[in-house]
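The values are calculated or read from the model by the stated rules, or taken from the named source; none is laboratory data. Note that the structure is predicted; figures quoted are calculated from it, not measured. As a convention, Cβ positions derive from the backbone with ideal geometry for all residues, glycine included, and neighbour counts pool all protein chains shown.
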């Protein structure tokens with residue numbers, strides 16, 4: 001028999017899929033078939049004699065035996081070498097198939113989200129070299145597709161269909177993920193849960209929906225959400241959830257929080273001591289654990305050490321059943337400390353203490369929504385070194401059984417999602433090296449300059465506090481601005497409590513000054529980064545230019561326009577306090593225009609595949625900020641131009657000779673706010 005040194009893969013390659021009755025493997029095969037077609041220009045064949053075979057491992061294969069392990073084995077066939085891609089289990093075969101897609105067919109894990117199709121090829125020569133997968137550092141690893149309003153609004157159908165969810169789950173699998181919370185509080189008739197199961201993923205739950213059960217007040221409207229009063233109703237919901245998911249791969253979340261993701265004692269004030277609160281949580285968690293164990297053999301269970309639960313556990317008031325994974329959360333800004341609640345920011349370490357027994361894991365945010373300074377439409381605002389350092393420290397502390405990443409709307413967060421995927425696979429990473437590898441996959445030229453843009457991004461974000469993770473995302477320019485406007489127009493001059501978290505306990509005027517100064521100081525940095533990005537884009541091929549616009553330029557524009565808009569609102573307020581109403585009106589108009597520039601940046605990025613992607617911007621909600629700015633502008637015009645909206649025109653714009661002879665019945669067509677602001681700006685010398 002001939003000895004071969006290579007295997008050729010081409011349009012004529014025949015594949016064989018053993019265990020074709022598996023729905024997850026069928027989904028994976030559809031990915032391989034599509035990839036093969038993209039590369040070679042024709043659909044692949046399934047049949048005999050196959051030269052690439054996907055199958056389960058046998059004892060003779062000597063491939064990795066851990067869960068989800070896989071190997072490549074080249075064996076001699078009748079017509080030449082045959083590549084056997086062998087998985088230890090269903091996900092092992094899927095990962096083997098996707099490794100083949102990446103390393104042989106050249107398909108990037110983010111091919112869909114980065115609009116990065118594989119190169120066309122006539123044939124690919126594979127050296128005869130066996131391969132064994134490495135064991136991932138983290139056993140359960142995945143995404144929480146949370147605050148996913150862009151995904152919800154992207155297409156017309158609600159809840160989102162397979163067209164939206166399939167690329168999400170595929171990218172997760174290609175990143176080596178095996179677990180997902182598929183969306184937040186979506187209608188149960190939607191496809192999101194079942195499609196994730198059908199694609200081979202483990203399902204887990206939001207900590208506010210223990211066991212994936214229906215919210216109590218949704219199921220029983222009008223009843224008090226008290227386990228003490230209605231234990232049978234809570235347990236009914238839990239039992240229904242267990243029955244619904246008992247045949248799926250499920251990581252059961254045990255938890256007891258109140259309705260709307262808050263402490264349960266806000267609905268049940270009888271629990272007024274830590275001992276009472278911890279005792280109830282301990283009882284409920286153990287009850288949930290027992291209910292699952294009655295139905296599911298050796299269930300995988302976890303408990304979210306989130307907020308008040310972590311605090312009560314560290315105080316010794318909560319007991320966790322043996323074998324349950326304890327999940328520790330970062331503060332939403334990448335630091336493994338307790339999150340900020342309003343103005344309270346204790347920053348209590350959120351990792352298992354030395355000597356803590358049992359399994360531990362991490363819930364981690366690369367995107368967040370908190371109505372303060374979080375990043376929703378834009379990427380992680382701090383240095384990526386924080387992500388690498390914090391997760392590596394978590395692993396060193398023993399929190400390496402589970403990593404769940406808040407992935408938001410996917411598209412704005414590819415860089416950081418890629419970094420975390422490297423960490424959950426290898427257990428360690430250097431952010432700078434990961435960045436350059438990522439950029440090398442995305443762009444054929446200007447790679448070092450593009451890497452510099454990403455690193456410069458974190459240097460440009462506003463530092464609003466003393467900690468390294470106190471960096472502002474896109475929501476910083478919008479939620480505080482709307483709170484400033486609301487407090488202002490309600491005639492309040494006292495401290496705005498909702499701004500204390502950043503600007504402190506000072507007068508409202510000083511709070512406004514605090515925000516304005518930081519916004520103004522950041523403008524120059526964003527301008528410079530924007531110009532650098534444009535320079536780089538001019539040197540890129542068209543498709544790569546578009547990629548950089550969607551992945552980075554639009555985010556820079558949101559920061560730049562947001563800084564200017566917030567600064568203008570603050571300037572308008574100070575002019576108002578000085579009773580300089582025309583000046584305040586002009587500054588408020590600038591705010592409208594700057595925030596509108598952010599909306600226009602989203603519109604420019606929403607082309608082709610991403611048409612309508614940002615139309616459900618309901619969280620940062622730039623349009624809401626524009627309306628607030630328009631409202632305050634109208635309010636300011638009324639201060640000096642009411643009732644006929646003609647006085648400022650007469651005072652500042654009308655020629656002197658006309659002021660004394662005009663007839664009112666021929667000069668009463670008021671200028672629009674925009675036109676009046678532009679002409680006043682020119683006349684009074686107030687620039688943008």
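Numbers below:
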| read-out | value |
| --- | --- |
| Lone qualifier among 89, 61 - being surrounded by fewer than 22 Cβ atoms within 10 Å (Cβ to Cβ), under 35 Å from the mean Cα position of the chain (by Cα), more than 17 Å from residue 174 (Cβ to Cβ) and not assigned by TED's automatic domain parsing to the domain that holds residue 196 | 89 |
| Qualifying positions in region 220-240 - surrounded by 15 or more Cβ atoms within 10 Å (Cβ to Cβ), out of contact with any strand residue (DSSP E or B) (no Cβ under 9 Å at 6 or more places or on another chain) and under 27 Å from residue 269 (Cα atoms) | 220, 226, 227, 230, 233, 234, 235, 236, 237, 238, 239 |
| Hey, residue 432 at pLDDT 95 or above, within 18 Å of residue 335 (Cβ to Cβ), surrounded by fewer than 16 Cβ atoms within 10 Å (Cβ to Cβ) and out of contact with any helix residue (DSSP H, G or I) (no Cβ under 6 Å at 6 or more places or on another chain) or not | no |
| Among residues of region 106-139, those that are within 30 Å of residue 369 (Cα to Cα) and in contact with a helix residue (DSSP H, G or I) (Cβ under 9 Å, 6 or more places away or on another chain), counted | 12 |
| Some residue of region 272-292 being surrounded by fewer than 22 Cβ atoms within 10 Å (Cβ to Cβ) and within 30 Å of residue 387 (Cα to Cα) | no |
| Residue check, residue 505 in the same structural domain as residue 561 (by TED's automatic domain parsing) and outside any helix (DSSP H, G or I) | yes |
| Only listed residue being within 30 Å of residue 549 (Cα to Cα) and assigned to a helix (DSSP H, G or I), chosen from 658, 675, 682, 630 | 630 |
| Single unsatisfied condition, residue 331 versus (1) part of a loop (DSSP other than H, G, I, E, B); (2) within 19 Å of residue 285 (Cβ to Cβ) | (2) |
| Region 32-53 - residue that is touching a helix residue (DSSP H, G or I) at 6+ places or on another chain (Cβ under 6 Å) and surrounded by 15 or more Cβ atoms within 10 Å (Cβ to Cβ) and, of those, farthest from residue 96 (Cα to Cα) | 44 |
| Selection within region 47-64 - in a loop (DSSP other than H, G, I, E, B) and within 11 Å of residue 87 (Cβ to Cβ) | 57, 61, 63, 64 |
| Condition met for residue 151 (under 30 Å from residue 602 (Cα atoms), in a loop (DSSP other than H, G, I, E, B) and touching a residue at least 24 places away in the same chain (Cβ under 8 Å)) | no |
| Among the residues listed as 310, 241, the single one being without any contact (Cβ under 8 Å) to a residue 60 or more places away in the chain, part of a helix (DSSP H, G or I) and in contact with a helix residue (DSSP H, G or I) (Cβ under 6 Å, 6 or more places away or on another chain) | 241 |
| Test set (1) within 37 Å of the chain's Cα centre (by Cα); (2) in a strand (DSSP E or B) - residue 81 fails condition number | (1) |
| Residues of region 525-573 that turn out to be out of contact with any helix residue (DSSP H, G or I) (no Cβ under 9 Å at 6 or more places or on another chain) and in a helix (DSSP H, G or I), as a count | 3 |
| Positions within region 184-197 being part of a loop (DSSP other than H, G, I, E, B) and modelled with pLDDT of 95 or more, in sequence order | 190, 191 |
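Per-residue answers, yes or no, for (1) more than 34 Å from the chain's Cα centre (by Cα); (2) outside any loop (DSSP other than H, G, I, E, B); (3) outside the structural domain of residue 111 (by TED's automatic domain parsing):
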site	(1), (2), (3)
12	yes, no, no
16	yes, yes, no
19	yes, no, no
26	no, yes, no
32	no, yes, no
36	no, yes, no
39	no, yes, no
